[in-house]
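Peer 1: One structure is given below, represented as structure tokens, and several questions about it will come after.
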Amino acid sequence: MTRTIPRHSRSGGRIPDTADPGSFETGPRSLPWSPTACGLARAAVREALPRWGLGALVPVAELLVSELVCNALRHGAGPLRLTLERVPALRCSVGDGSSRPPRPTDAGPEDEGGRGLALVEMLAARWGCERGPAMGKTVWFELSVEADTPGLEGTGLVDEHALWGDDSVVNGPVALKGEAA
């Protein structure tokens with residue numbers, strides 16, 4: 001289910017790609033209209049989040065930003081833009097030139113695609129889609145910076161020690177808390 005949540009003015013403007021290291025916003029960063037855009041978006045996440053003290057969120061943010069960039073390349077139109085913000089949650093936004101909103105699908109067990117927005121729905125604290133002022137749209141997700149974010153622990157997508165703050169060691173298949181491995 002797509003949830004569209006109004007965006008409130010936060011910073012009064014965008015910080016360019018050359019934002020200072022203490023900034024909690026990067027972008028909008030132009031991405032090429034090619035499959036290399038997914039890797040560049042993941043690299044931007046890997047570079048910014050640890051600098052903001054959010055290193056434990058890198059694996060989940062990389063996965064979800066890849067899904068949004070891939071969806072834009074498959075179903076949208078150029079140009080392609082990425083913005084990362086800490087507002088106070090982590091917000092990752094992917095904009096493209098198409099005004100057509102994303103449509104979640106029910107992927108069957110044999111389907112090779114169609115699960116991206118389901119992953120966003122499952123792992124993001126919030127997500128939505130906004131139309132651009134003239135044309136286009138921006139699809140975004142937020143990840144909570146709280147250690148007890150539902151949906152993250154036990155997935156193997158984040159550093160479990162960083163989330164739980166204990167000396168837990170998980171070997172082999174990762175089980176959800178309370179389940180036997």
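Peer 1: Counting residues that are in contact with a Cys (Cβ under 8 Å, 6 or more places away or on another chain), which strands (runs of 3 or more DSSP E) fully inside region 57-152 reach at least 2?
Peer 2: 80-86, 137-143
Peer 1: Moving to a separate point now. Could you count how many residues in region 86-106 are within 12 Å of Thr138 (Cβ to Cβ) and not hydrophobic (A, V, I, L, M, F, W, C)?
Peer 2: The number of residues fulfilling the criteria is 9.
Peer 1: Another question, then. Of all residues being among the basic types (Lys, Arg) and at pLDDT 90 or above in region 1-49, which is nearest to Ser93 (Cα to Cα)? Just the residue, please.
Peer 2: That would be Arg29.
Peer 1: Under the condition of being free of Cβ contacts under 8 Å to residues at least 40 places away in the same chain and in contact with a Pro (Cβ under 9 Å, 6 or more places away or on another chain), which residue from region 60-114 is most open to solvent (accessible area, probe 1.4 Å)?
Peer 2: His75
Peer 1: Further question: All but one of (1) without any contact (Cβ under 8 Å) to a residue 60 or more places away in the chain; (2) open to solvent by 10 Å² or more (accessible area, probe 1.4 Å); (3) within 16 Å of Ser30 (Cα to Cα) hold for Val139; state the number of the condition that does not hold.
Peer 2: Every condition holds for Val139 apart from (1).
The values are calculated or read from the model by the stated rules, or taken from the named source; none is laboratory data. What you see is a predicted model; the values in this text were computed from it and never measured. No Cβ is skipped: glycine too gets one built from the backbone with ideal geometry, and neighbour counts run over all protein chains shown. What goes into the accessible areas is simple: the full protein's heavy atoms, side chains included, and nothing from ligands, DNA or RNA. Shrake-Rupley method; radii C 1.70, N 1.55, O 1.52, S 1.80 Å.
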